[in-house]
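Enquirer: The structure that follows is given in the form of structure tokens.
The values are calculated or read from the model by the stated rules, or taken from the named source; none is laboratory data. These figures come from a predicted structure and were not determined experimentally. Counting neighbours? That spans all protein chains shown, and the Cβs are built from the backbone with ideal geometry, glycine included.
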């Protein structure tokens, strides 16, 4: 498997997970124009995308869908509640080829085995994913306020973790642009993971298989890649076999092999 993060941040989140015969879009939060431009930059033909897999309905994860579907003629996988919210947000989304799955279920998507599990976030039915192909797996965790035992269970033992590291707690507390109510939402149990919380997750989920951690959804104002990476590397206790990197909001990452 390969992971290609096209962009990840508060303004939009989209990535591609591909194998020899399958390429799925993980969320559609970038604009259609940016998504197509970054697919081209990554050497991907839009016709190669065989499905879109949504974590939840928020605009930075699904806002690009209605225009993107004019080019990507592929099914959209989501929970029933997420699909209803996305259809309500834009009538054009009703025409999508929806494939519904239940939270807590496992299903086959081309050559991938996907398990969807509940995550705590202020959305209708947000999920994370454990995605496996043969003996290789990746844990996908975007937008969650805290780490539950279920979340930890589903991502422990993965070869790669793509996990949110939204903010540095001190930078968020001292930020003058955000009102207190927004800060409360971000730090709530249904908000977003801090660097410290992401590091604790990685430290607990690490197994001998883990080789790569990709941090996403970094705040432009209340975090830096250096702070996020340092926190996670400290939690790994010097295990240099694990590569830690940060996705950017403004450009795609190079393809990363998993396993």
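Enquirer: With respect to the numbered conditions (1) surrounded by fewer than 14 Cβ atoms within 10 Å (Cβ to Cβ); (2) under 19 Å from residue 47 (Cβ atoms), which one is the sole condition not fulfilled by residue 88?
Expert: If we test residue 88 against (1) surrounded by fewer than 14 Cβ atoms within 10 Å (Cβ to Cβ); (2) under 19 Å from residue 47 (Cβ atoms), just (2) comes out false.
Enquirer: Would you be able to tell me the number of residues in the stretch 91-123 that are under 19 Å from residue 190 (Cβ atoms) and either crowded, with 17+ Cβ neighbours inside 10 Å or out of contact with any helix residue (DSSP H, G or I) (no Cβ under 8 Å at 6 or more places or on another chain) (or both)? Break it down stepwise before answering.
Expert: Residues of the stretch 91-123 under 19 Å from residue 190 (Cβ atoms): 103-104, 116-123.
Of the ones still in play, those that are also either crowded, with 17+ Cβ neighbours inside 10 Å or out of contact with any helix residue (DSSP H, G or I) (no Cβ under 8 Å at 6 or more places or on another chain) (or both) are 103-104, 116-121, 123.
Matching residues across the stretch 91-123 total 9.
Enquirer: Let me ask another. Take the residues in the stretch 220-238 that are assigned to a loop (DSSP other than H, G, I, E, B) and out of contact with any helix residue (DSSP H, G or I) (no Cβ under 9 Å at 6 or more places or on another chain), then tell me which one is modelled with the lowest pLDDT. So that I can check it myself, show each step before the final result.
Expert: Of all residues in the stretch 220-238, those assigned to a loop (DSSP other than H, G, I, E, B) come to 220-224, 236-238.
Now narrow it down to the ones that are out of contact with any helix residue (DSSP H, G or I) (no Cβ under 9 Å at 6 or more places or on another chain): 220, 238.
Details: 220: 94, 238: 68.
Applying the filter and picking the extreme gives 238.
Enquirer: Can you confirm whether residue 157 is assigned to a loop (DSSP other than H, G, I, E, B), at pLDDT 95 or above and within 15 Å of the chain's Cα centre (by Cα)?
Expert: On the way: assigned to a loop (DSSP other than H, G, I, E, B): yes; at pLDDT 95 or above: yes; within 15 Å of the chain's Cα centre (by Cα): no.
When the stated conditions are applied, residue 157 does not pass them.
Enquirer: Applying the selection to the stretch 233-255, what residues are surrounded by 14 or more Cβ atoms within 10 Å (Cβ to Cβ), touching a residue at least 60 places away in the same chain (Cβ under 8 Å) and over 29 Å from residue 179 (Cβ atoms)?
Expert: Listed by number, the residues that qualify are 252, 253, 255.
Enquirer: Kindly evaluate residue 174 against the criterion of being without any contact (Cβ under 8 Å) to a residue 40 or more places away in the chain, surrounded by fewer than 24 Cβ atoms within 10 Å (Cβ to Cβ) and within 19 Å of residue 194 (Cβ to Cβ). Don't jump to the end; show me each part of the working.
Expert: Working: without any contact (Cβ under 8 Å) to a residue 40 or more places away in the chain: yes; surrounded by fewer than 24 Cβ atoms within 10 Å (Cβ to Cβ): yes; within 19 Å of residue 194 (Cβ to Cβ): yes.
Answer is yes for this residue.
Enquirer: Looking at the structure I just gave you, is residue 82 in a helix (DSSP H, G or I), under 16 Å from the mean Cα position of the chain (by Cα) and more than 21 Å from residue 251 (Cα to Cα)?
Expert: Details: in a helix (DSSP H, G or I): yes; under 16 Å from the mean Cα position of the chain (by Cα): yes; more than 21 Å from residue 251 (Cα to Cα): yes.
So residue 82 fits the description; yes.
Enquirer: Taking the stretch 203-219 on its own, how many of its residues are surrounded by fewer than 19 Cβ atoms within 10 Å (Cβ to Cβ), under 21 Å from residue 144 (Cβ atoms) and at pLDDT 95 or above?
Expert: First pass over the stretch 203-219, keeping only residues surrounded by fewer than 19 Cβ atoms within 10 Å (Cβ to Cβ): 203-204, 207-209, 211.
Right, trim to under 21 Å from residue 144 (Cβ atoms) and you get 203-204, 207.
With the extra rule that they be at pLDDT 95 or above, the set shrinks to 203-204.
So the count comes out to 2.
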